[in-house]
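Student: Below you'll find the structure I mean.
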Amino acid sequence: MQTETTHLSRLAENTSRYARYSRSAGGLSLVIGGVLCLATFIIGATVELTPAWRYALVAAPLLWLASKELLRAFYYQRAGAVRERLSDRQRRGHFWMVAYLAAMALLIIGGVAWSAGARTWQWPGIAYVAIVAAMPLVAARWFWSTGDFLVGVLLVCQAAVVIVGLNYPWYWILIAGLYAAIAIPTGWREHRDYLRLRDELGLRNATRGEAAGA
């Protein structure tokens, strides 16, 4: 009886670890986000931003979000989708993070509309407003950890500034470097944890749809 209880407890723990990769654990996607975050700010501050470069920088947050979805669906949870159950603390933290970004987005859009007037609703002003307005929505869907928040906010802000033909000054590279230094090791550690979990659960050759822990 004790052996069975221990086995079930271990299975529940492993399932919980596996479920983290549906939300709060990004793994390699957080590594990608950290690299993109640093690269976009270095390029933005040091390279002559032709239209091609600008649109490439604008696409960086989309590339990061795509990496999160693809890695989650086809790598970290390829044995079957298991939704992470968030603690009350995690839910509160997520709520206040989204609320903060929503308030900031409203203040920024209001300030731009006040100073720029009708130009706000012309290209590229409308693109700037759309990116800023999308930030809390993106956060509500994809930002479930501190690393997500740090990387995601910088990537979206960079995209908004670049789309109107501006760029952040060089010293923002230091901020991006700090955030990358947090995100990259965290994501790599999460990836290593997943590799250990994969071996424990025998998921090395698993195909999508198999039950986790089966």
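Student: Looking for whichever is open to solvent by 50 Å² or more (accessible area, probe 1.4 Å), out of contact with any His (no Cβ under 9 Å at 6 or more places or on another chain) and modelled with pLDDT under 95 here; the options are Ala19, Ala81. Which one fits? Before the answer, list the steps.
Tutor: Numbers: Ala19 fails: open to solvent by 50 Å² or more (accessible area, probe 1.4 Å).
Matching residue, one of Ala19, Ala81: Ala81.
Listed here are the residues, each with its yes/no results for (1) open to solvent by 20 Å² or more (accessible area, probe 1.4 Å); (2) within 16 Å of Ala39 (Cα to Cα).
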{"position": "Pro136", "(1), (2)": "no, no"}
{"position": "Arg141", "(1), (2)": "yes, no"}
{"position": "Asp148", "(1), (2)": "no, no"}
{"position": "Leu154", "(1), (2)": "no, yes"}
{"position": "Ala159", "(1), (2)": "no, yes"}
{"position": "Asn167", "(1), (2)": "yes, yes"}
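A quick yes/no check of all residues on (1) among the hydrophobic types (A, V, I, L, M, F, W, C); (2) within 18 Å of Val156 (Cβ to Cβ):
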residue: Thr46; (1), (2): no, no
residue: Tyr55; (1), (2): no, yes
residue: Ala73; (1), (2): yes, no
residue: Ser87; (1), (2): no, no
residue: Phe95; (1), (2): yes, no
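Student: Let me ask something else about it. What's the number of the condition Leu65 fails, among (1) modelled with pLDDT under 95; (2) open to solvent by less than 50 Å² (accessible area, probe 1.4 Å)?
Tutor: Single failed check for Leu65: (1).
Student: Moving on. Looking at the stretch 162-174, which of its residues are in contact (Cβ under 8 Å) with a residue 24 or more places away in the chain and of a type outside the set (Gly, Ala, Ser)? Quick ask: steps written out before the conclusion?
Tutor: Here is the first cut: in the stretch 162-174, the ones in contact (Cβ under 8 Å) with a residue 24 or more places away in the chain are 162-165, 167-170, 172-173.
Across the stretch 162-174, the qualifying residues are Val162, Ile163, Val164, Asn167, Tyr168, Pro169, Trp170, Trp172, Ile173.
Student: Of a type in the set (A, V, I, L, M, F, W, C), open to solvent by 70 Å² or more (accessible area, probe 1.4 Å), modelled with pLDDT of 95 or more and in a helix (DSSP H, G or I): is that true of Ile182 in this structure? Let's see the steps before the verdict.
Tutor: Details: of a type in the set (A, V, I, L, M, F, W, C): yes; open to solvent by 70 Å² or more (accessible area, probe 1.4 Å): yes; modelled with pLDDT of 95 or more: yes; in a helix (DSSP H, G or I): yes.
Taking the combined requirement at face value, the residue satisfies it.
Student: Could you count how many residues in the stretch 185-199 are acidic (Asp, Glu), in contact (Cβ under 8 Å) with a residue 12 or more places away in the chain and open to solvent by 40 Å² or more (accessible area, probe 1.4 Å)?
Tutor: 1
Student: Which numbered condition in (1) over 18 Å from Ala180 (Cβ atoms); (2) modelled with pLDDT of 95 or more is the only one that Asn14 fails?
Tutor: Status for Asn14: all satisfied but (2).
The values are calculated or read from the model by the stated rules, or taken from the named source; none is laboratory data. The shown structure was predicted, so the numbers you read here are calculated from the model rather than taken from an experiment. Cβ sites come from the backbone with ideal geometry, for glycine too, and all protein chains shown count toward neighbours. Surface areas here come from the heavy atoms of the whole protein model, side chains and all, with no ligands, DNA or RNA. Shrake-Rupley method; radii C 1.70, N 1.55, O 1.52, S 1.80 Å.
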